[in-house]
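Notes follow the structure.
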Amino acid sequence: MWNNVNENISIIEDKKVTTLINNSRKAERLGKLNWFLFPFFIFSAAMVIAFYMVDFFIINIWYIRAYFYAFFAAQIWLLAQFYLYVSMKPPPLDFGTRYKDRMPDKVLTVLVSCYNEPAEIIEKTLKSIRETFSGKVILVDDSTVGYDLNRKIALKYRVAHYRRGNRRGFKAGALNDIMRFVRTEYIALLDSDAMPTQSFFDIGLAYARRYEVVQFPQYYYNRNRNTVSKGSYAQQIPFMYRIMPLRSSRNSAFMLGTNLIFNRKSIEDLGGFDEHSVTEDLSTSVKFHEKGNRSIYITRNTVMNMAPESLRSYFIQQKRWSTGTIGVFRSFITDRRRSLKVHRYADYLIGSSWYLYGFVFPLLASSVFIFSIFRISFIFVNALLYYTLYLPFLLLSFGIYYLTIVQTGHGVKELFYNLSFNAVSFPIYAKGVIKGLSGSKYQFERTPKDKSNSDKKYRTILPQLTLLVILLTSMMMSGFDAIDGIQRIPSIFNFIWATFYFSLLAPVYMYPY
């Protein structure tokens, strides 16, 4: 069974990714669209700022004014996110073909981190490593249950088993503890569900000569198992195949916690991994780049990972990521001693603010309800002028967003899943933002791999269902107004936006929990 899977991923990495992403004609077309979009971005940003600044002094009712401020801030935030994503020329992608001088296995130690994972998943991972790597492998077992069985599995595959007596610093603490006993110059870091192919070691051990960190994408082998695994995978596509290559070209590609090879001394010089964050990979990467170290992102699927297969698992994963990432964002806005260059500072600052979408999405969605019920508009601009300048920017942005996904061998379905899962996750993001900004202590939870059912689904998705009712009401009211000729043009656009937001949220009822 494993050999068939290994062959399949080799076909995928050679044909689906390398061929489709590196198609020169598509890359050239995408680059032209980026530059064509730039003037629309400038006009849109100037229009939003100018007209909103004027209207700041018109609104007198305090709660409407407060909402107006928040809406304005959300518009600026969206423009910043769009700018970093779509207004720059796509960088040349590196598929790990530049260097062939691979170092021997003996210079590398593979660390496999584990916390209460099912034994069968650990065994698959250790088996796949032993089929492709002859050097030293250590199972860093931070489990509170099942560690005796894990030790037996490790011994079966000639893998050292390490278990410490405390859980200080979560995963980062475990890695720091075991690194004291590692003597090889390089370390590979893999999660317990990360099954590497031969290419991971061949490419990684060639590039590690020249870069302190070599990072590979997370590719979900179970991406087609159900709608949640499809959505989890689709949500990662723009990040893995657009944003990370862009950041790599600017030497700001950060560690993803798995699927990477790093120079041991470069991390030890930082004092090890950051034990104060549940996203130790991101927070450590900031210090890593401040020291002038170099990282590279190889756009090639060489490791198979496991996607969440239920909303419950997915939400736990997103809560951990959002809390830790916003904690890094908090450090950026409170610590002025950062020594990053301007472009890297911008990459980390804007990138780590992504989970603010947990407040931006419901804010934008509720604005259509306020207009349809109370006739209060938050766009005090001539509709024709607004959509003449803003609509081309919006459509081109979605066009480039779509082309990015198309270049990875995907299409409209993956684009919808991506947008839908971002929308569906807004309450989880919001909780993560609150915890991250407040500095609240986080109780670590692993992403469950089991498929057990839970009776808490409707309680969990109550915020999404509430917003769905609000959007449905907005659609009905705006539709009636458009038919009756009441502010027909604004009502039509309001109906379109309400329908768009509703379509992104509606599948939450059908996603398996």
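The values are calculated or read from the model by the stated rules, or taken from the named source; none is laboratory data. Note that the structure is a prediction, hence the values are computed from the model and not measured. Reconstructed Cβ throughout: ideal geometry from the backbone, glycine too, with neighbour counts over all protein chains shown. All accessible areas refer to the heavy atoms of the entire protein, side chains included, with ligands and DNA or RNA removed. Shrake-Rupley method; radii C 1.70, N 1.55, O 1.52, S 1.80 Å.
At-a-glance table
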item	result
Members of segment 192-206 found to be of a type outside the set (S, T, N, Q) and surrounded by 23 or more Cβ atoms within 10 Å (Cβ to Cβ), listed by number	193, 194, 195, 196, 200, 201, 203, 204, 205
Residue list for segment 225-245, filter: over 14 Å from the mean Cα position of the chain (by Cα) and either of a type in the set (S, T, N, Q) or assigned to a helix (DSSP H, G or I) (or both)	226, 227, 228, 229, 230
Neighbours by Cβ (under 8 Å, 6+ apart or cross-chain): first from segment 350-378, more than 19 Å from residue 461 (Cβ to Cβ); second crowded, with 18+ Cβ neighbours inside 10 Å and of a type in the set (Lys, Arg)	351/247
Residue that is modelled with the lowest pLDDT [pool: residues in segment 432-458 that are surrounded by 17 or more Cβ atoms within 10 Å (Cβ to Cβ) and not in a loop (DSSP other than H, G, I, E, B)]	457
Criterion (closer than 18 Å to residue 344 by Cβ, touching a Ser or Thr at 6+ places or on another chain (Cβ under 7 Å), among the hydroxyl-bearing types (Ser, Thr, Tyr) and buried (at least 20 other Cβ atoms within 10 Å of the Cβ)) met by exactly one of 211, 241	211
For residue 250: the one exception among (1) surrounded by fewer than 19 Cβ atoms within 10 Å (Cβ to Cβ); (2) on the phi > 0 side of the Ramachandran plot; (3) touching a helix residue (DSSP H, G or I) at 6+ places or on another chain (Cβ under 9 Å)	(2)
Filtered residues of segment 298-343 (kept if more than 23 Å from residue 433 (Cβ to Cβ), hydrophobic (A, V, I, L, M, F, W, C) and free of Cβ contacts under 8 Å to residues at least 24 places away in the same chain)	342
Cβ-Cβ under 9 Å pairs, at least 6 apart or on other chains, segment 205-218 side farther than 22 Å from residue 242 by Cα, far side surrounded by fewer than 22 Cβ atoms within 10 Å (Cβ to Cβ) and aliphatic (A, V, I, L, M)	205/103; 205/107; 206/103; 208/103; 208/107; 209/103; 210/296
Which numbered condition residue 149 misses (of (1) more than 18 Å from residue 280 (Cβ to Cβ); (2) buried (at least 18 other Cβ atoms within 10 Å of the Cβ))	(2)
Strands (runs of 3 or more DSSP E) lying entirely in segment 82-199 (those with 3 or more residues that are over 26 Å from residue 275 (Cα atoms) and in contact with a strand residue (DSSP E or B) (Cβ under 8 Å, 6 or more places away or on another chain))	none
Scan of segment 361-406 for residues that are at pLDDT below 70, more than 30 Å from the chain's Cα centre (by Cα) and loosely packed, with under 14 Cβ neighbours inside 10 Å, ordered by number	380, 382, 384, 385, 388
Considering residues of segment 477-495 that are surrounded by fewer than 14 Cβ atoms within 10 Å (Cβ to Cβ) and free of Cβ contacts under 8 Å to residues at least 24 places away in the same chain only, the residue nearest to residue 314 (Cα to Cα)	480
When residues of segment 333-360 are limited to those that are among the aromatic types (Phe, Trp, Tyr) and open to solvent by 60 Å² or more (accessible area, probe 1.4 Å), the one farthest from residue 474 (Cα to Cα)	345
Single condition residue 327 does not satisfy, out of (1) in contact with a helix residue (DSSP H, G or I) (Cβ under 6 Å, 6 or more places away or on another chain); (2) open to solvent by 30 Å² or more (accessible area, probe 1.4 Å)	(2)
